[in-house]
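A.B. asks: My questions will all concern the structure given below.
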Amino acid sequence: MLTTIFIDQQLVHSNIGFFEIERIIGVELLISVRVSFESSSISDDISNSIDYSTLSKIVTVESKKSMELLETLGGNIIASIEEIRIPAHQSTWLKIEKKQMLQKGFEASGFGIELSKGYGQ
C-alpha cells in the first residue's frame, strides 16, 4: 500500500530571494510537502513512517537559511528528508509559493516552484 504523509501550505518567513531587498526584509512563503512510501501493512510504529512535526521542523530550519533561489531551498528540504531514511521511500514532492512579489509589475495569484524526486523502489 502506498502511504503519503503531507503538510499543506506551512507559512514561513524567509530571507530568500534573487533581489537583495527580499533577503534583507524577507518574504512569506507557503510550503507544501508530500512524502510517499510503500507500507505492507498498517501499524502503530512511527519508525516505519515520518511524523508531521519532523516534516514541519525540516521546513522551518531550512527556511531560516539565507539564499537566493527557491530551487535551492527546495533541494535542501528534500535532502534533509532523505537523511531520515524512511523505509521504502518512494517519492518526495514539494511546492514553494511566494505570497507576494516585492517588485512592481508582477500580476499573478502565485509565484513559486514545484520539485519532485522519485526513488525507484
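Computed from the coordinates by the stated procedures, all read-outs in this text should not be read as laboratory data. All of these numbers come straight from a predicted model, not from anything done at the bench. Heads up, the Cβs are rebuilt from the backbone with ideal geometry, glycines too, and the neighbour counts pull from every protein chain shown.
A.B. asks: Given H placed 1.01 Å from N in the peptide plane, which residues other than close sequence neighbours of residue 111 have an amide H under 5 Å from its amide H?
C.D. replies: Sorted by chain and number, the residues that satisfy this are 98.
A.B. asks: Restricting to lysine pairs 8 or more places apart or on different chains, what number in the chain have Cα atoms under 23 Å apart?
C.D. replies: Lysine pairs meeting the criterion: 15.
A.B. asks: Using only helices, what value at 222 nm comes out for the chain when you add -39,500 (n - 2.57) per DSSP H run of length 4 or more and divide by the total residues, to the nearest 500 deg cm²/dmol?
C.D. replies: Theoretical 222 nm ellipticity from helices: -7500 deg cm²/dmol.
A.B. asks: Give me the extension gain from residue 83 to residue 19: residue separation times 0.36 nm, minus the current Cα-Cα distance, reported in nm with one decimal.
C.D. replies: So the chain would gain 20.0 nm between residue 83 and residue 19.
A.B. asks: Just subtract the alpha-carbon distance of residue 72 and residue 99 from 0.36 nm times their residue separation and send over the number in nm, one decimal.
C.D. replies: Here the segment from residue 72 to residue 99 would lengthen by 7.9 nm.
A.B. asks: So if I take the centroid of the Cα atoms in the range 48-83 and the same for the range 1-34, what is the distance between those two points in Å?
C.D. replies: Cα centroid of the range 48-83 versus Cα centroid of the range 1-34: 9 Å apart.
A.B. asks: Run the simple label-point estimate for residue 111 and residue 61 please: 7 Å along Cα→C-beta, distance reported in nm.
C.D. replies: Those two pseudo-labels are separated by 2.9 nm.
A.B. asks: Kindly express, to the nearest 10 degrees and within the range 0 to 90, the angle between helix 52-63's C-alpha long axis and the longest C-alpha principal axis of the chain.
C.D. replies: Here the helix axis deviates by roughly 30 degrees.
A.B. asks: Percent relative contact order of the chain, based on C-alpha pairs within less than 8 angstrom and at least six residues apart?
C.D. replies: Answer for the chain is 29 percent.
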